[in-house]
Amino acid sequence: MRLGIDLGGTKTEIIALDDDGIEMYRKRVNTDPRSYEVIVGKIAELVTDAESALGQVGSVGIGIPGTISSRTGCVKNANTNALNGHPLDLDLGRILEREVRCMNDANCLALSEAVDGAGAGYRIVFAVILGTGCGAGIAIDGKPWPGGNLVAGEWGHNPLPWMSEEEYPGPACWCGKSSCIERWISGTGFEEDYARTRPQGYPLLKLNGPQIVALARNGDDVARSVLKRYADRLARSLAQVINILDPDVIVLGGGMSNVDELYELAPPLLPLYVFGTEADTPIVRSRHGDSSGVRGAAWLWPKS
């Protein structure tokens, strides 16, 4: 039995998978992001509850919104700030009396989709999270590829490629730089682009992504232009990945991955930006949706 935990800023979820990837158990609770000790205690409690309910002990993998530093062994870059500076895997391992494997949540998405999702059967999978923020992970031969510095796939914090005059210098990013890809093609970036370009006379009420997409589908010219710009920025950003990594498939996850139009608009734009003007890389929706992260955490312990 494999136990996977997806530790998010607002929710923590646990899942149990059998050797065939069949779900045996699932539970979700609210995350209290204020205290590291409370977070660790709640994860340990979830593991204990799952094992009691199923009557067996499992391996434990956890996906986090950050990574474990190769230098210090502690969490870094987590937007759940209470995690930063702590050896989460070691602390949980001591409590649970077993090894705990910990990896970035985007790498868990890539692993999940590579094992038995939309990327199954492909050798190199590049998986993207298009949510409140924007990140990505890489899986090669069904295994996560974190990189020597454990930042492989941190594509969202590179600058938007081939910026136009209207885009330059771009919005500031929380990482301290400006015009990061995350600031343009996250769900947040999509909403902010609509707010910036909405002409006078439009309602001042802040609209979310699904509402903007609904307007575009109903023929609203402003919303349609925002969606087309988003697809072009997505294509530019993915073309940069193809130029460097040339993955066999690109899998989209997160809230914006549910926008059907992206799979029609973005692929034809890739040849405009990929070196050599040839790009047949498939762009597909994640098979496991919101469950990919937690399933990937479980698959941090592969089949023997």
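The values are calculated or read from the model by the stated rules, or taken from the named source; none is laboratory data. Small disclaimer: the values here were computed from a predicted structure and weren't measured. Virtual Cβ from ideal backbone geometry, glycine too; neighbours counted across all protein chains shown.
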- Task: Among the residues of the range 34-92, write down those that are part of a loop (DSSP other than H, G, I, E, B) and β-branched (Val, Ile, Thr).
- Result: 57, 72, 80
- Query: With respect to the numbered conditions (1) surrounded by fewer than 22 Cβ atoms within 10 Å (Cβ to Cβ); (2) in a helix (DSSP H, G or I); (3) touching a Pro at 6+ places or on another chain (Cβ under 8 Å); (4) polar (S, T, N, Q), which one is the sole condition not fulfilled by residue 237?
  - Reply: (1)
- Message: Out of everything in the range 63-104 that is under 22 Å from the mean Cα position of the chain (by Cα) and charged (D, E, K, R), what residue ends up being farthest from residue 153 (Cα to Cα)?
- Response: 89
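Per-residue answers, yes or no, for (1) under 27 Å from residue 22 (Cα atoms); (2) assigned to a loop (DSSP other than H, G, I, E, B):
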site: 213; (1), (2): no, no
site: 224; (1), (2): no, no
site: 232; (1), (2): no, no
site: 250; (1), (2): yes, no
site: 272; (1), (2): no, no
site: 279; (1), (2): no, yes
site: 291; (1), (2): yes, no
site: 301; (1), (2): yes, yes
- Task: Hey, could you check the range 209-226 for residues that are surrounded by fewer than 16 Cβ atoms within 10 Å (Cβ to Cβ) and aliphatic (A, V, I, L, M) and say which is nearest to residue 193 (Cα to Cα)?
- Result: 222
- Item | residue 91 being within 19 Å of residue 298 (Cβ to Cβ) and outside the structural domain of residue 175 (by TED's automatic domain parsing) | no
- Note on residue 128: of the conditions (1) part of a strand (DSSP E or B); (2) surrounded by fewer than 24 Cβ atoms within 10 Å (Cβ to Cβ); (3) assigned by TED's automatic domain parsing to the domain that holds residue 156; (4) not acidic (Asp, Glu), unmet is (2)
- Item | Some residue of the range 133-147 being touching a residue at least 60 places away in the same chain (Cβ under 8 Å) and outside any strand (DSSP E or B) | yes
